[in-house]
Protein chains: 2
Amino acid sequence: MSESLPVPDVARRISARLAARYAGMVGPETVQAVVDDSYRRLAATATITQFLPSLTARFAADRLAAIARAEGVASAATPSVLFVCVENSGRSQLAGAILRALAGDRVTVMTAGSEPGAGIASGVAEVLDEVGIPVLAEYPKPLTDDLVRGADHVITMGCGDACPVLPGRRYEDWAIADPVPGGIEGMRAARDAITARVEGLLAQLRTGSVA
Amino acid sequence: MSESLPVPDVARRISARLAARYAGMVGPETVQAVVDDSYRRLAATATITQFLPSLTARFAADRLAAIARAEGVASAATPSVLFVCVENSGRSQLAGAILRALAGDRVTVMTAGSEPGAGIASGVAEVLDEVGIPVLAEYPKPLTDDLVRGADHVITMGCGDACPVLPGRRYEDWAIADPVPGGIEGMRAARDAITARVEGLLAQLRTGSVA
């Protein structure tokens, strides 16, 4: 993490906007620090060159929402789930899209990668579209402590020891192999295996057995 | 609207998923009718060929959320705003993205077009990125009565008489010319003019003067 990487002027506009949105929940200094850190982390992956400011705004907004939840200043009426895999390009994106499609706004969904990849894996959008599930404008993003702190449930897939463990969080590891080497068939198999697990998770969330 | 256009099998999966999400709010027959109609309307534009099932799922979900709000069975704690322009590719997309960036989840934002275009207008993502605002995965979609009924505020830009007027809704027409002929400079000017108006709207929503 290079703290010396210069942050462009547009980051100040993003900070001002997010500070207004999170007024009374997260202080403006924290907002600016999260925005700057988000920019530097995304820039450091070096694979995202277009739309870096707007991706920074999205990533920072997700982190600030997680911080507000963790500090108890935002509504925690809906359970929050963080899916983590290695690149945040395949498995965690499948799981996030499937849970969003099943739960709508009844669950807060976050995704991250221990070593974020260059983009969404080939075939993810296609195999989800086959079952009528949108992926929206997702992008690989790094795993940060604030996302973990803001999650009631952390579900890991293949990232081993890279995921930080914090007291009080509920952790689960799903044994889903990296689907990328299996091509489109591997992606379909991962989609179906993850769907079954997400349905089980959602049923548990509904009965409150893991809430 | 061709009611005879066949709807693919994946629409049944989308309906089942959305019926579960809206259980107790919107009946399964209505869910299926909205999903089928959403598919047919998007297919009829003939410009969206890829990812039609997942776009159907998104469009139908937005309409069902609007129906649930209009019928008072979903939380109406946050005000909802519908932006309408002609193609849902330029002005209404700018306004929607800007309001989402400023308000976060404190406002429900919808957009539609009286004659949906083929895609998001060139330059929209670029001029928003210049100020650090994401557009997410937006797409032109038709104006439907259910979206209007589910909106507390309907803001039109250039669509003339094509926008249905319903009793009880608050309407406002913003005089913003089509930015597309002006190229990237026209898009920047529209962005700034719309930003000023959205900030005014948001200030009014906050004080409750138009809520």
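Quick note: the coordinates plus some simple rules give every number you see, no bench work behind them. What you see is a predicted model, and the numbers here were worked out from it, not measured in a lab. Neighbour counts are summed over all protein chains in view; Cβ atoms, including those assigned to glycine, are modelled from backbone coordinates with ideal geometry.
Odds and ends about this structure:
- Of every Cα-Cα pair in the stretch B:63-148, the percent that sits beyond 21 Å: 30 percent
- Relative contact order of the stretch B:78-211: 30 percent, from C-alpha pairs under 8 Å at least 6 residues apart in sequence.
- Kirkwood Rh, angstrom, the protein assembly as shown [1 / mean 1/r, Cα pairs]: 22.1 Å
- With its label point put 7 Å out from Cα toward Cβ, A:L5 sits 4.4 nm from the same residue's point in the other copies, in order from shortest.
- Amide H partners (placed H, <5 Å) of A:C163, local residues excluded: none
- Taking amide H positions as modeled 1.01 Å from N, with prolines and chain starts lacking one, the residues under 5 Å from B:S80 and 5 or more places away or on another chain are B:T108, B:D152, B:H153.
- In the assembly of identical copies, A:S122 has its label point, taken 7 Å from Cα in the direction of the beta carbon, separated from the corresponding points by 2.9 nm (ascending, one decimal).
- Against chain B, whose longest principal axis comes from its Cα atoms, helix B:183-207 is set at around 80 degrees.
- Range in chain B, longest, excluding exposed GluC sites (Glu not before Pro) [loop by DSSP; at most 16 other beta-carbon atoms within 10 Å]: B:72-211
- Residue and distance (whole Å) for the chain B Cβ nearest the axis that superposes B on A: B:A137, 2
- Descending Cα extents along the principal axes, the stretch B:1-76, whole Å: 35, 21, 20
- Dimensions (Å) - chain A, Cα atoms, principal axes, largest first: 45, 38, 32
- Other-chain or far-sequence residues with amide H under 5 Å of A:T156's (modelled H): A:V84, A:E172, A:D173, A:W174
- Rounded Å value of the spacing that divides the Cα centres of the stretch A:13-37 and the stretch A:157-205: 32 Å
- Surrounding net charge for B:I67, when Lys and Arg each add one and Asp and Glu each subtract one, Cβ distance under 13 Å: -2
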